[in-house]
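Here the structure is laid out as structure tokens; the discussion comes afterwards.
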Amino acid sequence: MKRTKLNLIAALLAFLSLPLAAQNTEDEFEIIFTDDGNQREVIGVPMALYMSELDSLMSLYHNQNYLTLDDDCEARNESPDYTIEEVQERLSRMPCTINMTYNPIVKQFIDRYVMRMRKTVSVMLGTSNFYMPIFEQALESYNVPLELKYLPVIESALNPKAVSRVGATGLWQFMLGTGKQYGLRVNSLVDDRKDPIRSSYAAAHFLRDLYRIFGDWTLAIAAYNCGPENVNKAIRRSGGSRDYWTIYPHLPAETRGYVPAFIAANYVMTYYCEHNICPMLTNLPEHTDTVVVSKNVSFSTLSKFCDIDINLLRELNPQYRRDLVNGLSEPSTIRMPISSINKFVEAQDSIIAYDAQHQNSRSYTASEDRSSTSRSSASRSSSSRSSASRSSASRSSSSRSSSSQRTYANTRNYVRGNSSASTSSGSTSRYGRSSRSSTSASNSTGRNKKGRRG
């Protein structure tokens, strides 16, 4: 007994004698890091990296119907250990204009992805086939680095319906004020922050404006998370330096983890094979197109006449909050598979007449109430919407540009026409953290399970 106690004491003394830098601790919400100078700091973890997301990811329509496990993948379900030099060399090979620094903080986030979040990464790799072409086209149109396409990975886990506990919404987690500043409609019937195409062009525009303010992409990414005013405070407190890692100690806790998480997301979405992560296979859905309507039409009527699953209709049109396309307010687009588009064109008059006849007896329920939600929804008030007739729907402001009449087939011009607002550092703060789950909407080329994305 005495010998056992002595052994326990010896083990405790051995642990306490370890260098403090080796005693970094990690939980779901934060990383406590101690540097070589014995300075302890708390690093916030973006919510897309700590919420229990896998169940909500797989509950979404596109993921349920178009993602499958790769039964041919025989990789071991564990991540090999690599040296610092090997990871640094991989990061240096990535075709990026943004500096992908590797340090112990970035390593913490890479380890989280390749160890704790392996299944989630597998799902996101499959889901990314729906979204990456949209992101790349939007970013290219504003001439910003294409590696920014991985920001939604840490913002929302590729979920267009994600809503943080402070109200940031969509793939790119726009706060309401910033979204409206960049031409995104938000009213009782429509929330364009959930529209993958519109929100992607707005995000590209916002990121370009932030870069014009700071002249450095890591600072622009930090400002996207915490707002330009907080980055400017950190610059002043660091003596005027515009190097991200110099101002790093003066940034908010979550932003200290934001850029490292972004670097880690770029790494894992590129080098997943080296860590034995098998992407889920993507069976791309039927091609889609859009039609423009100038009358109100409900999802239930579209489902009835166009032979389309109402859940698929919701997935393809996540911006409509109450299963109602409010064409009376302004010409509005509906995205559907090509076969459903053809049926709509053939029976358009009957569809509009049927919907008008039944509008007084129908109530509309907020579609997001039926979607799967993350644990962060517990901190929000209940989002059940009261029934309301379409004639009482709130009208969009008269300042909306006529570009809303264009279809998504010309996405670049369609969205940029609504993104004319400029940025001011006093009104673009983003304190929202991203929520969970993942929805897919759009078509793209599939991912080779053995290949990589650059």
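The values are calculated or read from the model by the stated rules, or taken from the named source; none is laboratory data. Since this is a predicted model, take the numbers as computed values, not measurements. For neighbour counting, all protein chains shown are included, and Cβ atoms are generated from backbone atoms with ideal geometry for every residue, glycine included. What goes into the accessible areas is simple: the full protein's heavy atoms, side chains included, and nothing from ligands, DNA or RNA. Shrake-Rupley method; radii C 1.70, N 1.55, O 1.52, S 1.80 Å.
On a C-alpha basis, how far is the centre of the range 94-153 from the centre of the range 199-276 in Å? Whole number, if you could?
If we compute the Cα centre of each part, the gap is 13 Å.
Which loop-located trypsin sites (Lys or Arg not before Pro) does the range 170-271 contain, where loop means any DSSP state but H, G, I, E or B and the Cβ has at most 16 other Cβ atoms within 10 Å?
Those that pass, being in a loop and sparsely packed, are ARG242.
Starting with the highest mean, order 147-158, 101-112 by the number of other Cβ atoms within 10 Å, averaged over the residues of each peptide.
147-158, 101-112
Tally Lys/Arg at +1 and Asp/Glu at -1 over every other residue whose Cβ is under 15 Å from the Cβ of SER79; what's the total?
Summing Lys/Arg as +1 and Asp/Glu as -1 gives +2.
Based on the alpha-carbon gyration tensor of the range 211-295 and its eigenvalue square roots a ≥ b ≥ c, which shape applies: rounded if a/c is under 1.5, prolate if not and a/b is larger than b/c, or oblate?
Here the range 211-295 falls in the oblate category.
Ignoring ligands, DNA and RNA, what percent of the 1.4 Å accessible area of the range 210-346 is carbon and sulfur?
47 percent
Which whole-number percentage describes the relative contact order of the range 200-339, with Cα contacts under 8 Å and a sequence gap of 6 or more?
18 percent
What nm distance separates the two modelled labels at SER238 and ASN283, each placed 7 Å from Cα along Cα→Cβ?
4.9 nm
Could you tell me which GluC sites (Glu not before Pro) in the range 239-334 are loop residues by DSSP with no more than 15 other beta carbons within 10 angstrom of their beta carbon? If you can, show how the numbers build up before the last one.
Working: sites: GLU254, GLU274, GLU286, GLU315; in loops: GLU286.
Those that pass, being in a loop and sparsely packed, are GLU286.
Solvent-accessible area per residue for the range 135-196 at a 1.4 Å probe radius, Å²?
Each residue of the range 135-196 exposes 22 Å² on average to a 1.4 Å probe.
Taking all protein chains together and a probe of 1.4 Å, list MET132, MET175 from the most accessible to the least accessible.
Sorted by accessible area, descending: MET175, MET132.
Let a ≥ b ≥ c be the square roots of the eigenvalues of the Cα gyration tensor of the range 77-169; is it rounded (a/c under 1.5), or, if not, prolate (a/b larger than b/c) or oblate?
Oblate shape, in that a/c is at least 1.5 and b/c is the bigger or equal ratio.
Based on the Kirkwood radius over alpha-carbon pairs, what is the Stokes-Einstein translational diffusion coefficient of the range 146-196 at 20 °C with 1.002 mPa s viscosity, in µm²/s?
Reported coefficient: 196 µm²/s.
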